[in-house]
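Undergrad: The structure that follows is given in the form of structure tokens.
The values are calculated or read from the model by the stated rules, or taken from the named source; none is laboratory data. All values derive from a computational prediction rather than experimental measurement. In this analysis, Cβ positions are derived from the backbone assuming ideal geometry, glycine residues included, and neighbour counts consider all displayed protein chains.
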Amino acid sequence: MKLASKLFFPVLFSLLLALTGCETDTGSGGGPTYVTIGTGGVTGVYYPTGGAISRIVNKKFDQYKIKATVESTGGSVYNINAVLNGDLQFGVAQSDRQYQAINGEKEWKEKGPQKDLRSVFSIHPESITLIAAAEAGINGIKDLKDKRVNLGNPGSGQLGNSQDAITAFGLAEGDLKAEYVKAVEAPGLIQDERLDAFFYTVGHPNGNIKEATSGRIKVKIVPIEGAELDALIKKFPYYAKSVVPGSMYPNAANSGDVPSFGVKATFVTSIKVSEDIVYAITKEIFDNFEDFKKLHPAYQVLTKESMLKGLSAPLHPGAVKYYKEAGLTQYIDPSLL
Ligand code: GLU
């Protein structure tokens, strides 16, 4: 073999690896392992969450040779499906969507239980947040009748929550002028007076609600409460009462805590992703917990214990390996281990 081709082949090979982004085992002495994290719209909390996780992990590139990147996506349902079909290695997904996927409910009813789905950890709490133009006369869900309301895009986690919320209060989608656009577009549409209200299942504070509350059109955070909500929470194990902290949005027309209901953001992967990669990511987030918490104000409430609650898919073996080493298994539902 001529010298030129001897040099050329290894270069070509690593270039191909880099281009296909295919997985190589960490520590095998090979090239870097590329992993992509599916998130949500850029003004939500999932997108910066993907950024925070990548930042912590990429700091240890020399040790693990993992290069994590972030993709803005349609949200939880998209992320779970993309993780399952191998387009993404990790995704942020609502705890209710994780539950439905592993149990073959809602979007997964026809396909059945998504047995390859694995949980890694929980992240921040998310509230079903209802924002309305202050002048639209909307003081509760029942007032959404005949209004222009964004329920969320297909692929989002939130669409199911908006549907559950209106149904619980006796409304059907046909009773509203329902829209199905991405959450990132909703604040602009309210300000352009093309929407009266929108739902967003999201952690607080976030850029989306800041944008919605900062324009010419005054907007308020609408309470979701009452016997109808109590019945909804009783019906579905993954919902719990929550509050939207109005104080985080000083330009909103109302202030103080606004009652609602919520879920948790969780970090998911597939059984097909290698143990080494999941172990490395889990270890870096938990070993650098205080640094991680500083990366977004929605993480203020996090504890290591809270990050192990709200999961329903079995834990990935790489995550279990770390939790055992770190003595954290006491906080975990034994059926997930
Ligand atoms: N919970 C939202 C969804 O999956 C995404 C929220 C966010 O991006 O922070 O629909």
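Undergrad: So residue 128 ticks every box in (1) over 19 Å from residue 260 (Cβ atoms); (2) not acidic (Asp, Glu); (3) not in a loop (DSSP other than H, G, I, E, B) but one. Which box is left unticked?
TA: Checking residue 128 against (1) over 19 Å from residue 260 (Cβ atoms); (2) not acidic (Asp, Glu); (3) not in a loop (DSSP other than H, G, I, E, B), the one that fails is (1).
Undergrad: Under 8 Å by Cβ, and 6 or more places apart or on different chains, what pairs join a residue from segment 29-48 that is more than 18 Å from residue 268 (Cα to Cα) with one that is modelled with pLDDT under 95 and small (Gly, Ala, Ser)?
TA: Hits for this filter: 31/14; 31/18; 32/18.
Undergrad: Next question. Residue check: is residue 138 more than 12 Å from the ligand (Cβ to nearest atom), farther than 21 Å from residue 238 by Cβ, at pLDDT 95 or above and of a type in the set (Val, Ile, Thr)?
TA: The answer is yes for residue 138.
Matching residues to (1) farther than 18 Å from residue 57 by Cα; (2) among the acidic types (Asp, Glu):
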position	(1), (2)
242	yes, no
252	yes, no
273	no, no
276	no, yes
304	no, no
308	yes, no
334	yes, no
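Undergrad: With the condition being in contact with a Ser or Thr (Cβ under 9 Å, 6 or more places away or on another chain) and among the aliphatic types (A, V, I, L, M), I'd like the helices (runs of 4 or more DSSP H) fully within segment 39-116 carrying at least 1 qualifying residues.
TA: Result: 76-84, 95-103.
Undergrad: Test of understanding: among 258, 263, 301, which residue is outside any loop (DSSP other than H, G, I, E, B), among the hydrophobic types (A, V, I, L, M, F, W, C) and surrounded by fewer than 23 Cβ atoms within 10 Å (Cβ to Cβ)?
TA: Step by step, each of 258, 263, 301 is checked, and only 258 is outside any loop (DSSP other than H, G, I, E, B), among the hydrophobic types (A, V, I, L, M, F, W, C) and surrounded by fewer than 23 Cβ atoms within 10 Å (Cβ to Cβ).
Undergrad: Just wondering, is there one or more residues in segment 142-157 that are within 14 Å of the ligand (Cβ to nearest atom) and on the phi > 0 side of the Ramachandran plot? Before you say what the answer is, go through the steps one by one.
TA: As a first pass, look at segment 142-157 and keep what is within 14 Å of the ligand (Cβ to nearest atom): 150-157.
So of that shortlist, the ones also on the phi > 0 side of the Ramachandran plot come out as 152, 155.
Looking through segment 142-157, at least one residue is within 14 Å of the ligand (Cβ to nearest atom) and on the phi > 0 side of the Ramachandran plot.
Undergrad: Take the residues of segment 172-200 that are more than 14 Å from the ligand (Cβ to nearest atom) and hydrophobic (A, V, I, L, M, F, W, C): which is surrounded by the fewest Cβ atoms within 10 Å (Cβ to Cβ)?
TA: This residue is 172.
Undergrad: Among the residues of segment 201-220, write down those that are more than 16 Å from the ligand (Cβ to nearest atom), β-branched (Val, Ile, Thr) and buried (at least 22 other Cβ atoms within 10 Å of the Cβ). Full working, then the answer.
TA: First, the residues of segment 201-220 that are more than 16 Å from the ligand (Cβ to nearest atom): 213-220.
Now drop any that are not β-branched (Val, Ile, Thr), which leaves 213, 217, 219.
Selection gives 213, 219.
Undergrad: Still on this model: So residue 181 fits all but one of (1) among the hydrophobic types (A, V, I, L, M, F, W, C); (2) in contact with a Lys or Arg (Cβ under 8 Å, 6 or more places away or on another chain); (3) closer than 24 Å to residue 101 by Cβ; what number is the exception?
TA: Condition not satisfied by residue 181: (2).
Undergrad: Another question, then. Do we have any residue at all in segment 130-148 that's under 30 Å from residue 84 (Cβ atoms) and either of a type in the set (D, E, K, R) or surrounded by fewer than 24 Cβ atoms within 10 Å (Cβ to Cβ) (or both)?
TA: no
Undergrad: Only residues that are near the ligand (Cβ under 10 Å from one of its atoms) and hydrophobic (A, V, I, L, M, F, W, C): list them for segment 62-108, please.
TA: 77, 80, 92, 93 - these are the residues of segment 62-108 that are near the ligand (Cβ under 10 Å from one of its atoms) and hydrophobic (A, V, I, L, M, F, W, C).
Undergrad: If you check residue 169 against the conditions, is it near the ligand (Cβ under 10 Å from one of its atoms) and over 15 Å from the mean Cα position of the chain (by Cα)?
TA: Values: near the ligand (Cβ under 10 Å from one of its atoms): no; over 15 Å from the mean Cα position of the chain (by Cα): yes.
No; evaluated as a whole, the condition is false for this residue.
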